[in-house]
1. Looking for something assigned to a helix (DSSP H, G or I), at pLDDT below 90 and closer than 27 Å to residue 299 by Cβ - is there at least one such residue anywhere in the stretch 199-217?
2. Within the stretch 146-161, does at least one residue satisfy the condition of being buried (at least 18 other Cβ atoms within 10 Å of the Cβ) and at pLDDT 80 or above?
3. Does residue 177 fit the bill of being touching a residue at least 12 places away in the same chain (Cβ under 8 Å), part of a loop (DSSP other than H, G, I, E, B), touching a strand residue (DSSP E or B) at 6+ places or on another chain (Cβ under 9 Å) and surrounded by fewer than 23 Cβ atoms within 10 Å (Cβ to Cβ)?
4. Tally up the residues in the stretch 78-99 that are surrounded by 13 or more Cβ atoms within 10 Å (Cβ to Cβ) and either at pLDDT 85 or above or in a helix (DSSP H, G or I) (or both), please.
5. Would a scan of the stretch 226-239 turn up a residue that is part of a helix (DSSP H, G or I), in the same structural domain as residue 287 (by TED's automatic domain parsing), touching a strand residue (DSSP E or B) at 6+ places or on another chain (Cβ under 6 Å) and closer than 19 Å to residue 323 by Cα?
């Protein structure tokens, strides 16, 4: 029996589209390569009526359910135990030494016992900050990430030492201040070509750039060129997903002074402006487009068309008009 695979956001989008066209569960199942019963459970789980099913809301609910906190970690709730563990860490004891020694020091106190795996788990899920850095330094090998023996090493997430979207300033969420951008790549035929997209959250101004390949250095340089002519006050931050093409984010920040924040894995709604903009660009360059054959002047034409199009979110002003107003406010 094959292992169950969770619904992806793209599957939910396709499901929502099929339902809006009045398709039955069996037909949708064939399109998505899913059992009709699986489609039924998905719709029932995330909507009261078939007509009420929406991909974005279903995805949010699914993620919210998956992130529901389970039991509290012992080191979070038992402050006495936490103090002892931290103190022993500062003496350069290993998690295993601490766990075994606690059994000797507190033989009759069950609340003062913890496994070495629980200590490692607490250490590596601890929020980014000075305390985490200090504790990691006490480990003999000083690894920033947990390395479990016997596991095959994977390179699924090459992004290292990054700023999470959780650390992004509140002004980014409110869209009150211009200068905060979202970025992405739109992949071409068989993922062999791509274009880069940048969109400003407040004004929706869109920049499109060609990229010869998705090498992190090439992508970093392409995005930096698009930002080069913008006023310094209108390039404050960039929010990106955890694609390997942004692995060179530190160099990007050093050379552009633009902080890069990374969304959580598989959370496209955290970069909703970029996702919506990409769908507009897809009107001009549908799936299967070979971007290596698209001239820069054609990308610029599409960029201008999008920036000169009235937008409901902007009260039917154009992105260029709103962005030009923001430029005028710059000292």
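The values are calculated or read from the model by the stated rules, or taken from the named source; none is laboratory data. Keep in mind the model is a prediction, meaning the values are calculated, not measured. All Cβ positions, glycine included, derive from the backbone under ideal geometry; neighbour counts span all protein chains shown.
1. Here is the first cut: in the stretch 199-217, the residues assigned to a helix (DSSP H, G or I) are 216-217.
From what's left, at pLDDT below 90: none.
Within the stretch 199-217, not a single residue is assigned to a helix (DSSP H, G or I), at pLDDT below 90 and closer than 27 Å to residue 299 by Cβ.
2. no
3. Working: touching a residue at least 12 places away in the same chain (Cβ under 8 Å): yes; part of a loop (DSSP other than H, G, I, E, B): yes; touching a strand residue (DSSP E or B) at 6+ places or on another chain (Cβ under 9 Å): no; surrounded by fewer than 23 Cβ atoms within 10 Å (Cβ to Cβ): yes.
Here the answer is no, as residue 177 does not meet what is asked.
4. Step one: filter the stretch 78-99 for residues surrounded by 13 or more Cβ atoms within 10 Å (Cβ to Cβ), giving 78, 81-82, 84-86, 88-89, 93-99.
Narrowing further to those that are either at pLDDT 85 or above or in a helix (DSSP H, G or I) (or both): 78, 81-82, 84-86, 88-89, 95-99.
Looking only at that region, the number is 13.
5. Filtering the stretch 226-239 down to residues part of a helix (DSSP H, G or I) leaves 226-227, 232-234.
When the remaining residues are screened for being in the same structural domain as residue 287 (by TED's automatic domain parsing), the result is 226-227, 232-234.
Cutting the leftovers down to touching a strand residue (DSSP E or B) at 6+ places or on another chain (Cβ under 6 Å) gives us 226.
Still in the list and also closer than 19 Å to residue 323 by Cα: 226.
Yes, that holds for at least one residue.
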